[in-house]
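The values are calculated or read from the model by the stated rules, or taken from the named source; none is laboratory data. This structure is a prediction, so every number in the text was calculated from the model and none was measured. Methodologically, a virtual Cβ is constructed for each residue, glycine included, from the backbone with ideal geometry; neighbour enumeration extends over all protein chains shown. Ligands, DNA and RNA are stripped out before the accessible areas are found, and what is left, the full protein with its side chains, is counted by its heavy atoms. Shrake-Rupley method; radii C 1.70, N 1.55, O 1.52, S 1.80 Å.
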Amino acid sequence: FDLLCQAGFDGVLVHDDGIIVQVNETCASIFGADVAGVLGKKVIQFIAPEMREQFDGDSPETVVLRINGDRVPVQTRAVTIPGCSFRLLVLRDLSAGRLHGRQQRNEEERLRTLAHVAFDGIFVHKDGRLIDVNDAFAAIIGYAVEELNGLPIEALIAIEQRANVREHVRLKDT
């Protein structure tokens, strides 16, 4: 059991009536402490004050406190260990995923801004429909940006060239 707890990517702790009796390194690091700094403490002292009343161990999202007071969003799952009074609590740190999501949104915004100030015509498509175009692309083909979003790309290709373009796209996709 101890080996499984240490091998996991999530934080794992075992408590007996709220007192932490076993904890893995990942869990201790979520709390901003070492293992010795967590053992013997009450689980509830690591739960943010506003979350304590409704905290039951199973939460799609709650907030825990690090030793230094920093707040960490986590997902939790709790189970009672059969045949004894111990409960197992698993914590998944959600902060890294949120940071990644925020960085991705910032990067998308940066690229969108860059595309819209470029002199070259740039468009983004999904499943054969335009989902974003810059002003230069709209000017090149003689449409307003608003008219192009959602338009099938095929509508911009001369009828006699559509079969050639489809074949070219098919070959590039394989």
Given the conditions (1) touching a helix residue (DSSP H, G or I) at 6+ places or on another chain (Cβ under 8 Å); (2) modelled with pLDDT of 90 or more, and given that GLY150 satisfies all but one, which numbered condition is not satisfied?
(1)
Of the listed residues (ASN164, ASN106), the one being at negative phi, open to solvent by 90 Å² or more (accessible area, probe 1.4 Å) and within 27 Å of the chain's Cα centre (by Cα) is ASN106
Going through (1) open to solvent by 70 Å² or more (accessible area, probe 1.4 Å); (2) more than 21 Å from the chain's Cα centre (by Cα); (3) more than 14 Å from VAL90 (Cα to Cα) one by one, VAL38 fails only at (1)
Show the residue pairs meeting these rules: Cβ distance below 9 Å; 6+ apart or different chains; first residue within the range 136-151 and closer than 16 Å to ALA115 by Cα and in contact (Cβ under 8 Å) with a residue 24 or more places away in the chain; second residue hydrophobic (A, V, I, L, M, F, W, C) and in a helix (DSSP H, G or I).
LEU148/PHE137; LEU148/ALA138; LEU148/ILE141; LEU148/LEU156
Taking into account only those residues within the range 150-161 that are of a type in the set (Val, Ile, Thr) and surrounded by 11 or more Cβ atoms within 10 Å (Cβ to Cβ), which is nearest to PHE123 (Cα to Cα)?
ILE153
Quick check on ALA78: is it exposed (fewer than 15 other Cβ atoms within 10 Å of the Cβ) and among the aliphatic types (A, V, I, L, M)?
no
Which ones in the range 123-140 are under 23 Å from ARG170 (Cβ atoms) and either open to solvent by 60 Å² or more (accessible area, probe 1.4 Å) or touching a His at 6+ places or on another chain (Cβ under 6 Å) (or both)?
PHE123, VAL124, HIS125, LYS126, ASP127, ARG129, ILE131
From ILE20, ILE67, ILE44, residue being crowded, with 17+ Cβ neighbours inside 10 Å and at pLDDT 90 or above:
ILE20
